[in-house]
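Read-outs: derived from the displayed coordinates by stated rules, not from any lab. Not measured: the values here are computed from a predicted model. Virtual Cβ from ideal backbone geometry, glycine too; neighbours counted across all protein chains shown.
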Amino acid sequence: MPRPRFIYSFAASLDGFVADPKGGVEWLNAFGDADYGLEELFNSMDAIVMGRKTYEVALKLGGMPSMGSMRVIVLSKTLKPAKHKKIEIWSKSIAALATDLEKNGAKRVWVMGGGVTSSSFLDAGLLDEVEISTMPVVLGKGIPMFGKAHKAVRFGLMSSRQFDNGVIVRSYELKESAAPKTKARRAKK
């Protein structure tokens with residue numbers, strides 16, 4: 001059985017932020033006049049994985065909406081499972097999570113969160129697709145769409161859709177993870 005495909009799908013400002021400095025996403029309300037393919041994306045997923053901070057923002061915004069039978073997994077070493085019964089808390093490695101999801105039959109997994117979560121999947125070599133809904137707004141500062149990556153990762157454009165309100169949704173697929181490996185050669189004497 002192949003491992004699940006991990007898709008990082010998110011909205012970002014023109015200057016690359018997924019939230020304001022305090023994690024707020026109220027600036028997205030101005031663009032709530034279209035679906036941007038979100039319902040189709042949601043219906044194609046077997047599980048959702050998000051970072052703790054994204055989960056905490058969702059709780060502040062009114063709680064987690066019902067996800068039906070979909071697994072909702074929050075990456076955290078500090079949350080206590082007894083206090084969060086609607087979700088699974090995952091404190092092991094990203095690689096162990098991929099193995100667990102594969103064993104449980106997941107085919108497509110939505111990665112949600114900011115730079116820390118996305119970079120964790122990049123570094124583990126597990127981010128297969130990136131879907132960016134670019135909103136025509138500049139925030140100036142905030143939480144970046146990617147944190148520090150520890151290696152170069154190339155993606156190729158799969159599709160691009162433009163909406164009347166200026167939003168552009170682009171989907172990318174992993175092309176190669178890290179620079180091509182080459183053996184160092186010693187100079188001949």
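Points worth noting:
- Taking 0.36 nm per residue of separation and subtracting the current Cα-Cα distance, fully stretching the chain between K175 and M1 would add 60.5 nm.
- Shape index of segment 62-163: Rg/Rh, with Rg the Cα radius of gyration and Rh the Kirkwood radius from the inverse mean 1/r over Cα pairs, equals 0.97.
- Among K83, K148, K107, residue whose mean-square fluctuation peaks in a GNM of the chain (springs only between Cα atoms under 10 Å): K83
- Segment A149-E56, extension gain: residue separation times 0.36 nm, minus the distance between their alpha carbons: 31.1 nm
- In terms of other Cβ atoms within 10 Å, Y8, Y172 run from fewest to most in the order Y172, Y8.
- Virtual spin-label span in nm between T78 and E26, 7 Å along Cα→Cβ: 2.4
- Within a Gaussian network of the chain (alpha carbon springs, distance under 10 Å), most fluctuating of D33, D46, D20: D33
- Helix-only mean residue ellipticity at 222 nm for the chain, each DSSP H run of n ≥ 4 adding -39500 (n - 2.57), per residue, nearest 500: -5000 deg cm²/dmol
- Cross-link table K22/K85; K85/K175; K83/K151; K60/K175; K85/K107, entries beyond 30 Å C-alpha to C-alpha: K85/K175; K83/K151; K60/K175
- Full extension of the chain between N104 and K85 yields a length gain of 4.9 nm, computed as 0.36 nm times the residue separation minus the alpha carbon distance.
- Listed residues F31, F163, F146, most fluctuating in the chain (Gaussian network, C-alpha, under 10 Å): F163
- When DSSP beta bridges are restricted to pairs lying wholly in the chain, around 45% turn out antiparallel.
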